[in-house]
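Working notes, beginning with the structure itself.
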Amino acid sequence: MPLVTTTEMFKKAYDGGYAIGAFNVNNMEIVQGITEAAGELKSPVILQVSKGARAYANHTYLVKLVEAAVIENPDIPIALHLDHGDSFELCKSCIDGGFTSVMIDASSKSFEDNIALTKQVVEYAHAHGVVVEAELGKLAGIEDDVNVSAEDSSYTQPEEVEEFVDRTGCDSLAIAIGTSHGAYKFTPDQCTRNADGILVPPPLRFDVLEECMKRLPEFPIVLHGSSSVPQEFVKMVNQYGGNMPDAVGIPEEQLRKAAELAVCKINIDSDIRLAMTGNIRKYMAEHPDHFDPRQYLKPARQAVKDMVTHKLINVLGCNGKA
Ligand code: G3H
Ligand code: 13P
Ligand code: ZN
């Protein structure tokens, strides 16, 4: 089937109590690892491209890699989404260039300016058959060159969501309930330590999510910053020459619970990066004489596939939902 929008995926996910995984793509191995996992598990999937990914790999290369994945996996719905679009022009370029979904992230602007820019993108996108994700509330962490400190982040205010969705016409809404971008989501002093000395982050604000759900019945909610930063891969990175002290993510059981509620899209990027990096470091350390990139990219691609397989089954619950 051709690339799809997220409309039907989200409706089924909302009704079925699961979420769709949205994974960032930057090169061929990542596209292959994600879509091989989704194809084998008969799972719908969202492939998303950031401004930084476009700058790194080029719009056309990424679109063509995704089109190749669509040809190779004809039985599963695949959406191509712009992650964190920061201007009308960037969103327009992706809409004109074959994306089926865009995010306009005007969450750093005032409420009124966020509405105005989101509405402008929605009007253009809908006229071209493309859906729009917007954001209300600010996540901490790093995305592209924007670094939002924990002090500047703020939870979504549920009393604003109905007016925002009504006035913009957006198709889904990313909210801030305590998730955060990157591999260092919380500082050690924001966490407690369990008996094994592992950092335990503060729980997500399910009260904020539930209040948003009440005000937006049947409406798809999105969670960004939802990597779990598995300690197994942090250890692997550190064991083979890396240095990632105190990396910490969102516990998977909390994301599973969110997926059973109105959260229809969960964004995961850092976990893929971590799995690739850990495996490349390990391969390099164990094979110091190898220099063919295919040799170390092969286990890295397999690590992406294994990570996505685990997420689709155990976190998102969308296996078999294609
Ligand atoms: O939230 C951002 C994603 O992890 C994409 O990251 O901007 O480094 O491509 P990037
Ligand atoms: P992570 O950094 O937690 O993987 O979040 C990715 C994301 O939200 C992409 O938009
Ligand atoms: Zn994000």
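Quick notes
- Selection within the range 40-98: residues that are under 27 Å from LEU117 (Cβ atoms) and assigned to a loop (DSSP other than H, G, I, E, B). The member of this set that is nearest to ligand 2 (Cβ to nearest atom) is ASP86.
- For the range 226-248, the count of residues that are of a type outside the set (Ser, Thr, Tyr), more than 17 Å from the chain's Cα centre (by Cα) and under 30 Å from LYS12 (Cβ atoms) is zero.
- Test: residue in the range 200-212 that is assigned to a strand (DSSP E or B), in contact with a helix residue (DSSP H, G or I) (Cβ under 6 Å, 6 or more places away or on another chain) and buried (at least 24 other Cβ atoms within 10 Å of the Cβ): no
- When residues in the range 297-322 are screened for being crowded, with 19+ Cβ neighbours inside 10 Å, farther than 23 Å from LEU261 by Cα and not aliphatic (A, V, I, L, M), 2 of them pass.
- Flag for ALA247 being buried (at least 20 other Cβ atoms within 10 Å of the Cβ), free of Cβ contacts under 8 Å to residues at least 60 places away in the same chain and either in contact with a Ser or Thr (Cβ under 7 Å, 6 or more places away or on another chain) or more than 18 Å from ALA174 (Cβ to Cβ) (or both): no
- Residues in the range 226-280 that are among the aliphatic types (A, V, I, L, M), assigned to a loop (DSSP other than H, G, I, E, B) and more than 16 Å from ligand 3 (Cβ to nearest atom): MET244, ALA247, LEU261, ALA262.
- Output for the range 107-123, where each listed residue is surrounded by fewer than 24 Cβ atoms within 10 Å (Cβ to Cβ) and touching a helix residue (DSSP H, G or I) at 6+ places or on another chain (Cβ under 6 Å): ILE115, LYS119, GLN120, VAL122
- SER93 being at pLDDT below 95, of a type outside the set (A, V, I, L, M) and out of contact with any helix residue (DSSP H, G or I) (no Cβ under 7 Å at 6 or more places or on another chain): no
The values are calculated or read from the model by the stated rules, or taken from the named source; none is laboratory data. Worth saying up front: this structure is predicted, and the values here are computed from it rather than measured. As a convention, Cβ positions derive from the backbone with ideal geometry for all residues, glycine included, and neighbour counts pool all protein chains shown.
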